[in-house]
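Since the structure comes first, as C-alpha cells, the remarks are kept for the end.
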Amino acid sequence: MPITYSHSKEEGLTIEEDNSAALELQELPKPATITYYLALFSESEMKKTVKQWKSNNTFLQLKLDFKWDTVKAQFLMKVSEMLRPKLIDFNAYDFLWNIPHLQVSQMQLQMDGDYKFLITHTLKMKEPVVNVRIEARIAKKGKMNDSGTEHESSGNSSNSDSSTSADVKCVKKKSKKMSRGSKKNKEMMLNKDIEEKIKLLCNRWECSKMACASGSAHCFIHLENVEHFTLSHNHLAIWGATWQCGPEFADLEKPPNHVKFNNVHAGQASKCSPLVQQHMAEHNQAISTTPIVNFNLPPELFNTFCPPATKPASPVQSTPVAVTTNSLLPESAMPGPCLTLSEFCAAYSLSDNVCQKLDDNGYMGSNTISYICVSELKDMGFKHSEITAMKDAVRRWIASN
C-alpha cells in the first residue's frame, strides 16, 4: 500500500495511507459470514512427537460484524465441546490462522488487532474460509509462590526449563562419578589390606633353600610333620583373602580350609565355615537317623517264585510246502524257441486283442513274455479267458522245445 508523509509544526511527522485500497474494498460486496475450519490439539497430543499429533477437526460459521470477544467466546465453546478440558482459559491455548492461496504462513490470533487483520483478508474473498489451528499449551510445574502453592508455567518458559534440565543432568553425572569413585576407593583399600597380609605371610613362612628340598622361597611347616608344604603366589593370595574375611577362617598361623591346602595336616587347618559345618551336620544326622531293617526269609519261600524246570520239547519236523509261483513260466521249465510277438501270437492262436495288449505294454517277443506274472496280466486288463489262453500258449511253447 503506498504511503505518503506530511510534516506540520504542531503534530510533527505523520503518516497518511493512500485510501485507494480502502476504496477498492468498499466497492467489493461484503460477505455475510466467515467459515472457520478448526483443528484442535489437546495437551496430551502436544506431549507427543510432531508426527504422532492427531487433531480434532470441526468448523464454525460466524458473522462478519462480530466483535473479537464474541468470536473468542465461540472458539472457547468449540474447545469445550471437542477437548473437554478441566478448565477453559483462552490464554491456555495458541490460536494460529492462515488462508489458502492468500495468507499461507501461520499468523497469531490472540488480540483484537490480530482479528482485524484477519478480517481485512477475508473481505477480499467471495466466500471467506479461514483455517484456525488451536494448540493447547503444555503446563509445567514452576517454583513455589510466596503463598506456598506451586504455579504452572506455560510452554513459553523454554529457556528456564532447558537450564534446569541441564543442571539435573550435570548433578546426575556428578553423582555417577562420585559413586564410581567411592567403589574404586573401597576396592583399592581392600586390595591394600590383602597385600599387607600377604607380606606378613611371606615374612612368616620364608624358607631357606638349604633346608627345603623343593627349593621354594616360602613353605608352610607343620609342627607335627617335618615335610614342607610349598606356598606359591596363588596360595599366598588365597590365604590373604581368606584372612581378610575374619580370623575364624584363617590367620597368620592357620591356613584356610581351601582345596589348594588339602595336603596340609588336618589338625593345623582352620575350621570350616559355619555354613559348611551346618550342611555336614545335617548330612550326618540324616544318615544316622535312617532306619535299617533286615529280613531273614527261608529258602523254601523262593521256590514259589521260581517255576519248575521243563523238559525240552522234541523238534517238530517241518513238512515241505509246495511253493506256488505266479509266473507263467514255471521255475523248473526250460524256455521254448525265440519268437517275435507276432510269431508267438500266430503260432499259439492268440487273439488280436491279446497281441495288442502285449504290444501296448512293450513286450516284443517270447523272451520277455516268459517273465510275465498272472497279476501283471490282470493289471494290463486281461480277461480270465485271455489269461487262460496265455497260460496254454506258454505251456505249448515250452513243450515245443
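Restricting attention to segment 86-99, the residues that are open to solvent by less than 70 Å² (accessible area, probe 1.4 Å) and either of a type in the set (Val, Ile, Thr) or at pLDDT below 90 (or both) add up to 1. Listed conditions (1) of a type outside the set (Ser, Thr, Tyr); (2) surrounded by 15 or more Cβ atoms within 10 Å (Cβ to Cβ); (3) modelled with pLDDT of 90 or more are all met by Gln103, apart from (3). Applying the criterion of being over 19 Å from Val259 (Cα atoms) and open to solvent by less than 60 Å² (accessible area, probe 1.4 Å) to the residues of segment 211-248, the residue that is modelled with the lowest pLDDT is Gly215.
Taking (1) part of a helix (DSSP H, G or I); (2) within 20 Å of Ala32 (Cβ to Cβ) in turn, Asn91 satisfies each apart from (2).
Residue count for segment 51-75 satisfying the condition of being open to solvent by less than 40 Å² (accessible area, probe 1.4 Å) and not in a strand (DSSP E or B): 4.
Specify the residue that is most open to solvent (accessible area, probe 1.4 Å); the eligible residues are those in segment 119-131 that are part of a loop (DSSP other than H, G, I, E, B) and out of contact with any His (no Cβ under 9 Å at 6 or more places or on another chain). Don't jump to the end; show me each part of the working.
The initial filter retains those residues of segment 119-131 that are part of a loop (DSSP other than H, G, I, E, B), namely 123-128.
Filter again for out of contact with any His (no Cβ under 9 Å at 6 or more places or on another chain), leaving 123-127.
Working: Leu123: 35, Lys124: 121, Met125: 40, Lys126: 193, Glu127: 150 Å².
Per the criteria, the residue is Lys126.
Looking at Ile134, is it under 30 Å from Val71 (Cα atoms), modelled with pLDDT under 90 and either hydroxyl-bearing (Ser, Thr, Tyr) or surrounded by 13 or more Cβ atoms within 10 Å (Cβ to Cβ) (or both)?
Numbers: under 30 Å from Val71 (Cα atoms): yes; modelled with pLDDT under 90: no; either hydroxyl-bearing (Ser, Thr, Tyr) or surrounded by 13 or more Cβ atoms within 10 Å (Cβ to Cβ) (or both): yes.
No: the conditions fail for Ile134.
Considering only segment 352-367, state which residues are outside any loop (DSSP other than H, G, I, E, B) and open to solvent by less than 50 Å² (accessible area, probe 1.4 Å).
Going through segment 352-367, the residues outside any loop (DSSP other than H, G, I, E, B) turn out to be 352-360, 365-367.
Listed by number, the residues that qualify are Val354, Cys355, Lys357, Leu358, Gly365, Ser366.
Flag set for Lys116, criterion: under 20 Å from Ala32 (Cβ atoms) and open to solvent by 70 Å² or more (accessible area, probe 1.4 Å).
The values are calculated or read from the model by the stated rules, or taken from the named source; none is laboratory data. Not measured: the values here are computed from a predicted model. Here Cβ is always computed from backbone atoms with ideal geometry, including for glycine, and neighbour counts include all displayed protein chains. Just so you know, the surface numbers come from the protein's heavy atoms only, side chains and all, with ligands and any DNA or RNA stripped out. Shrake-Rupley method; radii C 1.70, N 1.55, O 1.52, S 1.80 Å.
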